[in-house]
Amino acid sequence: MKIGNVTLKGNVILGPMAGVTNLAYREFMKPFGVALSYSEMISDCGIAYGNNRTFEYLETSELDSPVGLQIFGFSLKNSAKAIEIIEKTAKYDILDVNLGCPVPKVVKTGAGSAWLRRIDELKTYMEGVVKASSKPVTAKIRLGWDDSSINVEEVALMLQEVGVSALAIHCRTRAAFYSGKANYEAIAGVKEKLNIPLIVSGDIFSLEDAIKATEITHCDGIMVARGSRGNPFLITQIDHYFKTGEKLPGPDLKTQIGYAREFVNKMISFRGEEKGVRELRGLLTHFLAGYPGMKKYYPALIQANHVKDIEAVFHGIEVQYGL
């Protein structure tokens, strides 16, 4: 797959997740077969106004490449200024624009999926963003605002027209948030009308989900977001299948705990112990999900204050199960 002048070595994309896809997470996930990863969404206002915390989201590394930085905003003036600053400050390969975030605090400003209700304004905005960026521009959208206003095909064709280099579609409406099931059928036929890569997002929690989404939509790429939390090998399974046709089994518990330890080390190195452990609390339980008898260990992980607390849980599991 090629996005502008960026050639990817696979078709599995790590989707942006607020509070999750920081540099440590992206570096941890990359070796599992991530062809392209995206940062957490970044406020264009935060960049334009020089907010120090916002600038932390711009951090990348050689291991992280190729990487896309995802911005969100409600006005071309702010976004163009932010892009100018980003290009002088950050090392990245692709600029992504979030046009699908359903969160009220984002939508009420006119950003995220609120754009899907203002197509004419969106066209002008995205024309300006593409012009302002020296990097290929991608966009992430939803099916529409709600079931009565699905306009995904119209928006997709418009974004292609203004110069967007690839398009990711989360197959839900804004009104659905993350409830129900992703409706891949709603974009069947859209790929055939595009000459840019189409990336499908939503409910990719297993290899079978990826196969189903691809069969229905004929997409070029699969975006894995929530499904990657605690399940890095899912990326490997999808990448390997689409390159070879072989279905790899999932990891055993011993291997999975090894992945979790690796992630802990990466996060602590990136954040320091105090902040790192705080962020790990909400993620480590996902590594144990689906394995019998593991739920009893969740509270200790969620309440951990130090790395030694986390290691005590992992060691306890290994002793009890003879790993």
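The values are calculated or read from the model by the stated rules, or taken from the named source; none is laboratory data. Here the structure is a predicted model, which is why all the values come from computation and not from measurement. Ideal geometry is used to build each Cβ from the backbone, glycine not excepted, and the neighbour counts take in all protein chains shown. Note: areas computed on protein heavy atoms with side chains; ligands, DNA, RNA excluded. Shrake-Rupley method; radii C 1.70, N 1.55, O 1.52, S 1.80 Å.
Would you be able to tell me the number of residues in the stretch 36-61 that are open to solvent by less than 10 Å² (accessible area, probe 1.4 Å) and polar (S, T, N, Q)?
Looking only at that region, the number is 2.
Return yes when K296 is more than 30 Å from K193 (Cβ to Cβ), under 20 Å from the mean Cα position of the chain (by Cα) and part of a helix (DSSP H, G or I) and no when it is not.
The answer is no for K296.
On the given criteria, is L280 among the hydrophobic types (A, V, I, L, M, F, W, C), in contact (Cβ under 8 Å) with a residue 40 or more places away in the chain, surrounded by 15 or more Cβ atoms within 10 Å (Cβ to Cβ) and out of contact with any Gly (no Cβ under 7 Å at 6 or more places or on another chain)?
Against the criterion (among the hydrophobic types (A, V, I, L, M, F, W, C), in contact (Cβ under 8 Å) with a residue 40 or more places away in the chain, surrounded by 15 or more Cβ atoms within 10 Å (Cβ to Cβ) and out of contact with any Gly (no Cβ under 7 Å at 6 or more places or on another chain)), L280 does not qualify.
Residue pairs, Cβ under 6 Å, 6 or more apart or interchain, first in the stretch 148-167 and closer than 14 Å to G128 by Cα, second open to solvent by 70 Å² or more (accessible area, probe 1.4 Å) and in a helix (DSSP H, G or I). List them.
Sorted first by the residue in the stretch 148-167, then by its partner, the pairs are V162/E127.
Among the residues of the stretch 43-61 satisfying the criterion of being assigned to a helix (DSSP H, G or I) and among the aliphatic types (A, V, I, L, M), which is modelled with the lowest pLDDT?
Among them, the one singled out is A48.
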